[in-house]
Structure formats: structure tokens, C-alpha cells
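The structure appears right after this line, and notes come after that.
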Amino acid sequence: MKQSMMLIPTLREVPSDAEIKSHQLLLRAGFIRQNTSGVYSYLPLAKKVLQKIEQIVREEMEQAGAVELLMPALQQAELWQESGRWYTYGSELMRLKDRHEREFALGATHEEVITSLVKDEIKSYKRLPLALYQIQTKFRDEKRPRFGLLRGREFIMKDAYSFHASQESLDEMYDKMYQAYSNVFARCGLDFRAVIADSGAMGGKDTHEFMVLSEVGEDTIAYSNESTYAANIEMAPVLATYEKSDEAVVKMEKVETVDIKSIEEVSTFLNVSKTKCLKSLLFKVDDKYVLVVLRGDHEVNDIKLKNYFEASSVELATADETKEVLKCSIGSLGPIGMKSDKVEIIADQAVEFIVNGVAGANEENYHFTGVNPGRDFSVNEYIDLRFIQEGDASPDGKGTIVFAKGIEVGHVFKLGTRYSESMNATYLDANGRMQPMIMGCYGIGVSRTLAAVAEQFNDENGLLWPANLSPFDAHVIPINAKKGDQKELADRIYTLLKENKYSALYDDRDERPGVKFADSDLIGLPVRITIGKKANEGIVELKIRKTGETLEVHFENLIETISTFVVK
Ligand code: ATP
Ligand code: MG
């Protein structure tokens, strides 16, 4: 493609509102432009990369046995009302009305649409399993759209859904999808991990997220330094490897602690380690109050709390609520003397091992010292309630936990019958009995994957596309296109590349060499072919973008040489 015919609006300056490398470079190299917050146009270069990612996704989906379809983005509210998500999805769902005041949503995801489609068309176990996917624009009114394509309000997703007559059949498909996802991200050259995840609002059980390891990731992955164990930090269970100290148990005493509230303050003021402080937090779990007790150096994991109570919402009680229910301030809470008719008390399993601890006295300006669980207070249950920390034992018993940041590029879920039951998607089994279909769903953020690749492959001069995702294979640059011999050789090379099935971007613009080279580095095609002074001898310069290596090559040997650098 001639560059003069393209739309590649490069920028020399780093856009001030772009915080991370991929966002800055995709803007600067002329791949994307923002229309409004979280909404982007994919310019021609980005579109080419998207097509390559989509091609990989299509090949892997086919391999897993899924077939492509395309569903509407405009979805009638009734479908979402049937599943119940119209009322629970919240403000992330973009809602609108038509001219007759009928309500609609712009598809944030397609469980409802596909379940309704399949339930009308599939009636017998003989037609199961069935796996369908689409690649399509999704809409989510994200609270904080940011980092360019990483978190948009309009973005491209591949979403697949599978329908089964047995759990084994779902398990089989899940494994195939898991493999397909691993292949997709490996083919994109990404450094990723498949991590155990939380099924959250989707209502499923088994689920993995595919995370690209990156400092700019919003998720924290806890992984073992010795095994393949990796989980979203939200999900990693903590093994109870605690031990009680053998110090002599002392009497409990009430001490004055004026204006001492946080664990930090208590620990300094009373000169005790945070590991001996009891942290007590009042939570509102659906509509009841629960006092959660943890060790002072631990953080509560509200997903574990939510799962334990099978609750739909958990929130810290406000200062006013705390005052109203327990007649004291947040900083004075403690389990001692707490009336169980007011709140249920549960504690993290580490608390049980505290000897001679410190706890709030449920009274302004006082704490108890010499607190011993069991003797001085009891709880309903000791369970795993905290976030795993670096240095903890790996949950699989092999090695210790290390943290890394990750960008979630894909997600596979076993949905079970969440949607088929609420939407009545049933089939007749071999005995003629009606059964709800068992479902799985599988998403890849296609536009987010593009950004993740850009985030992982760049240097100080610009992007560094892996050969199989690059918008073009080679950048052809005559230093001075007005010089007849240079133009002629450049034209011949452009044709030669095409004949050999290499795609090329041909910089035919009337620009200074410095501008052409800077743009070329920004765009980041794997090889640059510069046609300059030696054009009359048929010699050009080949530059490998990734390594900066340059070599002189004769026209006759060009294709052979390129084939060693651009392995497709
Ligand atoms: P996140 O936790 O990042 O919000 P999610 O759990 O809401 O993601 P899913 O509903 O599982 O995401 O969607 C499937 C895939 O779509 C994700 O793995 C991610 O790659 C992509 N995705 C989700 N939200 C966005 C977004 N706002 N912008 C770009 N891609 C997104
Ligand atoms: Mg989300």
C-alpha cells in the first residue's frame, strides 16, 4: 500500500492524556484516535492488526469446534429482564429507548441473546453439544474508561457460548477452549498466565482468566515460585500454616488509648507487633451486619466473605451505621463482649493462633490487651477470609507466592444452568425428560489484546510488531523518491514483495528522510528496506526493527534475506 494513500497521522509529541506506553504509541504511530472517553476509531493500521488477531482467533475457535455467527448489538430489555440481569447489571449496561418508548440495551455480553436463540432452535439432546462464537463490538459504560483500548466503553470482543447435555461434555469443551485460548495468546507472542479466577456476577463455578503479565495490569496475580499455580489474588486460598507462640498466656486488661484508632497507631502506641493486633471490621452482608476479625497485618478479601455467605452484596458499614448498630466508632470495634444478637462474628483462621493480642473495646478511647481467642471471645467460625500475601505458602503446597500485575485478555467460564434455567432453555434427554441445557461461555478482548501486544512490544522509538501480527511485513522507503533510479528500484521492490506474498507499506511521500525514518520506527514493521545512493547498483539497506541490525542486500537476494527475518 502506498503511504500517500493511507491514513497514518503520526505525532511527534507524547499526548498528555495517555499514561501508558501502548496508549501513547498507538496514538503517536497513527493507529487509533479517540472520539470520546473510552470510544475509539481504529485507523487503517490498527484495523489490519485486528484482522490478524481475529484470524488467529477464528482458526483456534474452529479447532475447538466452535462455529461463527453474528448476533445483534441492539437487544430488547425483555431478554435481560428474563435473566434478571436488567436489574442487577447496574450502570455498566448502556440502555436506550426506541421511538415507541420500548427499552433496549446495547450488548455488553450476549448470554441472553444466545440462550434465547438456542432455546428456540434446539430441542433434543441429539443436537448437543453446540458451540457458537462471534467477533463483535461490545458496549459497557465503564466507571473509569482508561489506558486507551485496554478499558474502553466500546470495544471488540470474541465471545463464544457452548450448550451441553452433560457436565462431562461441558468439561470437555472447557478444556478445548482453554487450549484454544492458550494457543491464541501464544501465537500473539504474549507473555501470559492462565489464572484461577472468580466467577463474580456471571454466576458460574470453574473459571480461568488469561492474564498478560504487565506492570500496567489492573489485576494482581498470585503465582507460585516453584509450580504452575497461578490465581487472581481475589481467589487464592490461604493455607492455615500458622503456629501459636509459646509465650505464657496473660490476663486480659482494659487500657486507655486516647485517639488511638488504626492498627498502625495501636501497634506503635502499645508497642506490639501488628500480628498481635485484632482488626475488626463491620460489614453489611446483604441486609445483616457481620463483624469480621482479622490479624492486624492482613487485609480482608470481600470476595471470600461474599462467597462464604453466598451474598449478593458486601459492603463496609459506614461510620453512621456502625454508631447506630454498635454505639461506637469504627476505630474502637472488637469482638469482646459483642452481643451475638446484634451481629454475627466471624474471624480469619489466623486469628485463632493469636496469643495475648490487642483488640478494640467497643468503647471510645479504650482497647483490651492480653486478649486470647476462645478464652475472651468466641466467633461463629474461623475461616479463610484474607487476601493471600507475597511469601505465603502456595495453595498447592509447592513453593511460595509471588505477585505480578496482569492485563486480563481472556476469560473462560463454566456457566452451568444459570441462564438456561432463568430463560427456560431446555432440551429432551434420551429418556424424553426435559432438562436445562448446561452452558459455558468464553470471551477474548480482541481490541484489548491489540493494546496488550503494543504494551509488550515496543522500545523508545516506537512499536515492534511481531511478524505475524504486523500490519505490513516490510516498510519500503526511497530516501529521495524524486530521484529516478531510487523510485524505479523502490517500485520494483514493491512489486517483487507483492509477487512473493509479502505485504509492504511504500513510503512514496515527499518527506525528508528523517521524518520517514522516525515514522517508520514509530509504526514498527519488522523490516525496513531503504533505497538510497546505491540504487543504481541494485543495492538497498535492510534494517531489522527489533534489533536495529542493518545489512546491505542486493535486489536479487532480497526475498531470500527477508524470509529469514519475517517468518510468517
Ligand atoms: P474486567 O475485569 O477487565 O472489567 P471483565 O471481567 O468485565 O473484565 P468479561 O466480561 O470476562 O470481562 O469480558 C471478556 C473479555 O473482554 C475480557 O477478558 C477482556 O479481555 C475484554 N474486556 C472486558 N471489558 C473490556 C473493556 N472495557 N475494554 C476492552 N476490553 C474489555
Ligand atoms: Mg468489567
Accessible surface ranking that places the most exposed of 74, 149 first, with a 1.4 angstrom probe = 74, 149
In a shell of Cβ-Cβ distance under 12 Å around residue 114, excluding residue 114 itself, what net charge do Lys and Arg (+1) and Asp and Glu (-1) give?
-> -4
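With both partners inside the chain, how many of the DSSP beta bridges are antiparallel, as a percent to the nearest 5?
Details: 91 of 113 bridges.
DSSP beta bridges in the chain are roughly 80 percent antiparallel.
Over 20 Å between Cα atoms: which of 97/158; 143/288; 47/97; 482/533; 97/138; 176/405 fall into that group?
Details: 97/158 26 Å; 143/288 28 Å; 47/97 31 Å; 482/533 13 Å; 97/138 18 Å; 176/405 26 Å.
Listed pairs above 20 Å: 97/158; 143/288; 47/97; 176/405.
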Qualifying trypsin sites (Lys or Arg not before Pro) in segment 471-564, DSSP loop, other Cβ atoms within 10 Å at most 10 = 482, 501
Diffusion coefficient, µm² s⁻¹, Stokes-Einstein with Kirkwood Rh over alpha-carbon pairs of the chain at 37 °C and 0.692 mPa s | 119
Calculate the length of the line joining the C-alpha centroid of segment 299-337 to that of segment 229-280, in whole Å.
-> 17
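Based on the alpha carbons, how large is the Rg to Rh ratio for segment 472-562 when Rh follows Kirkwood?
Working: Rg = 11.7 Å, Rh = 12.8 Å.
Taking Rh as the inverse mean 1/r over Cα pairs, Rg/Rh reads 0.91.
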In segment 472-562, carbon and sulfur make up what percent of the accessible area (probe 1.4 Å)?
-> 48
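Based on the Kirkwood radius over alpha-carbon pairs, what value in µm²/s does the Stokes-Einstein equation return for the translational diffusion coefficient of segment 71-146 at 10 °C and 1.306 mPa s? List each step's numbers first, then the result.
On the way: Rh = 13.8 Å.
Stokes-Einstein gives a translational diffusion coefficient of 115 µm²/s.
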Sum up the charges of everything whose Cβ sits under 10 Å from the Cβ of residue 405, counting Lys and Arg as +1 and Asp and Glu as -1, but leave residue 405 out.
-> -3
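Please report the projected area of segment 426-506's Cα convex hull averaged over all directions, in nm². Don't skip to the answer; put the middle values down first.
Details: hull surface 42.1 nm².
The Cα convex hull of segment 426-506, projected and averaged over all directions, gives 10.5 nm².
State, as an integer percentage, the relative contact order of segment 253-383 based on alpha-carbon contacts under 8 Å between residues 6 or more apart. Walk me through the numbers on the way to the answer.
Working: 259 pairs, mean separation 38.9, N = 131.
Averaging sequence separation for qualifying contacts and normalising by length gives 30 percent for segment 253-383.
Rank-order 165-171, 190-196, 5-11, 28-34 by packing density, defined as the average count of other C-beta atoms within 10 Å over each peptide's residues, highest first.
Details: 165-171: 15.6, 190-196: 20.4, 5-11: 13.7, 28-34: 22.1.
Order by mean packing, descending: 28-34, 190-196, 165-171, 5-11.
Run the numbers on the chain and let me know its relative contact order in percent, using alpha-carbon pairs under 8 Å that are six or more apart.
After rounding, I find 17 percent.
Within segment 396-496, which GluC sites (Glu not before Pro) sit in a loop by DSSP and count at most 14 neighbouring Cβ atoms inside 10 Å?
Values: sites: 408, 421, 455, 460, 488; in loops: 460.
The qualifying sites are 460.
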Calculated P(r) tail over 23 Å for segment 240-371, as whole % of Cα pairs | 30
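How high is the relative contact order of segment 1-102, in percent, with contacts defined as C-alpha pairs under 8 Å that are six or more residues apart? All intermediate terms of the calculation are to be shown ahead of the outcome.
On the way: 54 pairs, mean separation 15.6, N = 102.
It comes to 15 percent, rounded to a whole number.
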Here the averaged projected area of segment 148-278, based on the convex hull of its alpha-carbon atoms and given in nm², is 15.2
Just name one of 165, 211, 73: the one whose Cα is farthest towards the positive end of the charge dipole of the chain (beta-carbon charges, Lys/Arg +1, Asp/Glu -1).
-> 73
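Counting only other residues whose beta carbon sits under 10 Å from that of residue 554, what net charge do I get with K and R as +1, D and E as -1?
Details: positive: 534; negative: 537, 552, 556.
Taking every other residue near residue 554 into account, the sum is -2.
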Divide, for segment 1-100, the radius of gyration over alpha carbons by 2.2 N^0.38 Å, where N is the residue count.
-> 1.51
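Taking the DSSP beta bridges in segment 472-562 as the whole, what percent of them are antiparallel, to the nearest 5? Intermediate values should be presented prior to the final figure.
Numbers: 9 of 17 bridges.
Around 55 percent antiparallel, to the nearest 5.
Considering only DSSP states other than H, G, I, E and B, which chymotrypsin sites (Phe, Trp or Tyr not before Pro) in segment 253-352 qualify as loop sites with at most 13 other Cβ atoms within 10 Å?
Working: sites: 269, 283, 289, 308, 309; in loops: none.
Answer in residue order: no site qualifies.
To the nearest 20 debye, what charge dipole does the chain have about its Cα centre, counting +1 at the Cβ of each Lys and Arg and -1 at the Cβ of each Asp and Glu? Intermediate results must be reported in sequence, preceding the final value.
Working: 70 positive and 88 negative charges, 347 e Å.
Taking the Cα centre of the chain as origin, the dipole is about 1660 debye.
The values are calculated or read from the model by the stated rules, or taken from the named source; none is laboratory data. Everything numeric here is computed off the predicted structure, so don't read it as measured data. Methodologically, a virtual Cβ is constructed for each residue, glycine included, from the backbone with ideal geometry; neighbour enumeration extends over all protein chains shown. Heavy atoms of the whole protein, side chains included, go into the accessibility calculation; ligands, DNA and RNA do not. Shrake-Rupley method; radii C 1.70, N 1.55, O 1.52, S 1.80 Å.
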